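Notes for the one structure printed next.
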Amino acid sequence: IYRHAPNGDQLGSFQSGQGSMMQIWGDPDGSYYTANWGNDRIYKWNGQDEPAQELWNAHMGSTAGGVCSDGEYVYGMRHSGTDEIRRFDPETGNQLASIHRNGGTTNSMNSMIPRRIRPGRLNRMIK
């Protein structure tokens, strides 16, 4: 995984020790989340170790297509066929809620990419 600064400068890279990633989302503490299609899971990884250490995982029931965090919760979504967004506890990975989006089912992982995030709240999502 290659890390870049906001201006595009490369900051380095690290080995995640995994494959089949649909999306990755980093937290300020150095940990990160991945949505993995090959085993239908959302993972939290300790990004301080190489290879990364798995902290928890949550099964999505089908292809995991997107993951993000708002600083208080982690959100995961399947790749397609549902309007469900699952909210997880970032420390334990326990599912806390199932949220249904207005506007029908998703068609791709891009529907999980947030436009704007506020602490504790995913404010707007791309269609």
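Close amide H pairs (under 5 Å, H built 1.01 Å from N) link GLY65 with MET77, ARG78, HIS79, residues at least 5 positions away or on another chain.
Measuring only protein heavy atoms, the 1.4 Å probe finds GLU91 accessible over about 140 Å².
By per-residue mean of other Cβ atoms within 10 Å, what is the highest-first order of 5-12, 59-66?
Values: 5-12: 7.1, 59-66: 20.4.
Sorting 5-12, 59-66 by mean packing, highest first, produces 59-66, 5-12.
Evaluating 6.51 cos²θ - 1.76 cosθ + 1.60 at θ = phi - 60° for every residue in the range 9-24, the Karplus couplings come out as 5, 6, 9, x, 8, 8, 8, 7, x, 9, x, 6, 7, 8, 7, 10 Hz, glycine and proline recorded as x. Computed over protein heavy atoms with a 1.4 angstrom probe, the accessible surface ordering of MET77, MET21, largest first, is MET21, MET77. Could you check how much of the accessible area of the range 5-81 is carbon and sulfur, as a whole percent, using a 1.4 Å probe? Here it works out to 42 percent. Which of rounded, prolate or oblate describes the range 1-79 when judged by the alpha-carbon gyration tensor and an a/c cut-off of 1.5? It is prolate, given that a/c is not under 1.5 and a/b is the larger ratio.
The values are calculated or read from the model by the stated rules, or taken from the named source; none is laboratory data. This one's a predicted model, so the numbers in the text were calculated from it and none came from an experiment. Quick reminder, even Gly has a Cβ in these numbers, built from the backbone with ideal geometry, and neighbours come from all protein chains shown. Heads up: the accessible areas ignore ligands, DNA and RNA and are worked out on the full protein's heavy atoms, side chains in. Shrake-Rupley method; radii C 1.70, N 1.55, O 1.52, S 1.80 Å.
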